[in-house]
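Engineer: Below you will find the structure I want to go over with you.
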Amino acid sequence: MVAKGNSEALRAHKAESQADTRLELEKALARLRNGQPKRVPKVSKINATTLAKEADVDRSTIYRYHPAILDEIQRINNSTVVTRLKEKHGELAQAEAKTREYRQMLEEAQAHKELLKRENYRLQHRIDELEALLKQRDDAIGELQRKINTKQTVVPLK
């Protein structure tokens, strides 16, 4: 009878010990997830080794008695990768939208530049025409002034 009672007490102690360890592991995992660990650096990756250090338990204890915790670590790491991937896809979509916007702005600016080039060409051609017209008028005015000056110097005799 003594052996049976002792065996039950050992089983109860083992179950209690595992429950306490599980609780410590869950608390440590929560601290690591929140970025507020007590025993490991804040930038540590979440894995069995860092969790064991944070919970102050042997790493083999996690592997031997708490495979659900290992599954949770795997799920956290997978979700972190998926989250980062989604963030990168979002950033990529934003960058592509900005690229399209900038490309459209560039095309509009190039079209506007072409319009300005055509307008400048037209205006330069008009300036050349007007300068040629002014030169003709200046020549005509000069010719008329010469005729007036020559008529004034010649005084007819009466």
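Engineer: Summing Lys, Arg as +1 and Asp, Glu as -1, what charge do residues with Cβ under 13 Å from the Cβ of Gln104 carry, Gln104 excluded?
Structural biologist: Here the charged neighbours net out to -1.
Engineer: Another question about this same structure. From the residues Gln104, Ser44, Leu70, which one has its Cα farthest along the dipole of the chain in the positive direction, the dipole being from +1 and -1 charges on Cβ of Lys/Arg and Asp/Glu about the Cα centre?
Structural biologist: Ranked along the dipole, the leading option is Gln104.
Engineer: Within the set of other residues whose C-beta is less than 15 Å from the C-beta of Thr83, count the net charge using Lys and Arg as +1 and Asp and Glu as -1.
Structural biologist: +4
Engineer: Let me ask you something else. Tally Lys and Arg at +1 and Asp and Glu at -1 over the other residues with C-beta under 15 Å from the C-beta of Leu134: what net charge comes out?
Structural biologist: Charge balance in the 15 Å sphere: -3.
Engineer: Something else: What pairs in Lys14/Lys38; Lys27/Lys53; Lys53/Lys86 have C-alpha atoms more than 22 Å from each other?
Structural biologist: Lys14/Lys38; Lys53/Lys86
Engineer: When only C-alpha pairs under 8 Å and at least 6 residues apart count, what is the relative contact order of region 23-85, in percent?
Structural biologist: Numbers: 45 pairs, mean separation 17.0, N = 63.
Here the relative contact order equals 27 percent.
Engineer: Also, I was wondering about something else. Just want to confirm a number: the relative contact order over the chain, from Cα pairs under 8 angstrom separated by 6+ residues, in percent.
Structural biologist: In percent, rounded to a whole number, it is 12.
Engineer: Quick one: what are the phi-derived ³J(HN,Hα) couplings along region 124-139, Karplus 6.51/-1.76/1.60 with θ = phi - 60°, whole Hz, x for glycine and proline?
Structural biologist: Working through the residues one at a time gives 5, 4, 5, 4, 4, 4, 5, 5, 5, 4, 4, 4, 4, 5, 4, 4 Hz.
Engineer: Right, next: For the chain, build the charge dipole from Cβ charges (+1 Lys, Arg; -1 Asp, Glu) around the Cα centre, then report which of Thr61, Ser17, Ala140 sits farthest towards its positive end.
Structural biologist: Positive-end residue among those listed: Ala140.
Engineer: Could you give the nm distance between label points at Thr49 and Leu92, where each point is 7 Å from its Cα heading toward the beta carbon?
Structural biologist: So the label points at Thr49 and Leu92 sit 3.1 nm apart.
Engineer: Calculate, for Gln36 and Glu8, the FRET efficiency according to 1/(1 + (r/R0)^6) with r their C-beta to C-beta distance and R0 41 Å; round to the nearest 0.05.
Structural biologist: About 0.55, to the nearest 0.05.
Engineer: To the nearest 20 debye, what is the magnitude of the charge dipole of the chain about its Cα centre, counting +1 on the Cβ of each Lys and Arg and -1 on the Cβ of each Asp and Glu?
Structural biologist: Roughly 260 debye, rounded to the nearest 20.
Engineer: Let me ask something else. Using only the Cα atoms, what convex hull volume per residue in Å³ does region 37-149 have?
Structural biologist: Looking at region 37-149, the number lands at 138 Å³ per residue.
Engineer: To the nearest 0.05, how large is the calculated FRET efficiency for Glu24 and Arg84 if R₀ is 22 Å and r is the Cβ-Cβ distance?
Structural biologist: Given R0 = 22 Å and the Cβ-Cβ separation, E is 0.15.
Engineer: Each label point is 7 Å from the Cα along the Cα-to-Cβ direction; what then is the distance between the points at Tyr102 and Glu129, in nm?
Structural biologist: So the two model labels end up 4.3 nm from each other.
Engineer: Counting Lys and Arg as +1 and Asp and Glu as -1, each charge on the Cβ, what is the dipole of region 25-78 about the Cα centre in debye, to the nearest 20?
Structural biologist: So the magnitude is around 220 debye.
Engineer: Right, here's the next one. About its Cα centre, how strong a charge dipole does region 64-116 have in debye, to the nearest 20, once Lys and Arg get +1 and Asp and Glu get -1 at the Cβ?
Structural biologist: For region 64-116, the charge dipole is close to 280 debye.
Any read-out appearing in this document is the output of simple, stated calculations on the displayed coordinates, not a laboratory observation. Computed from a predicted structure; not experimentally measured. Because the Cβ atoms are built from the backbone with ideal geometry, glycine has one as well, and the counts that use them run over all protein chains shown.
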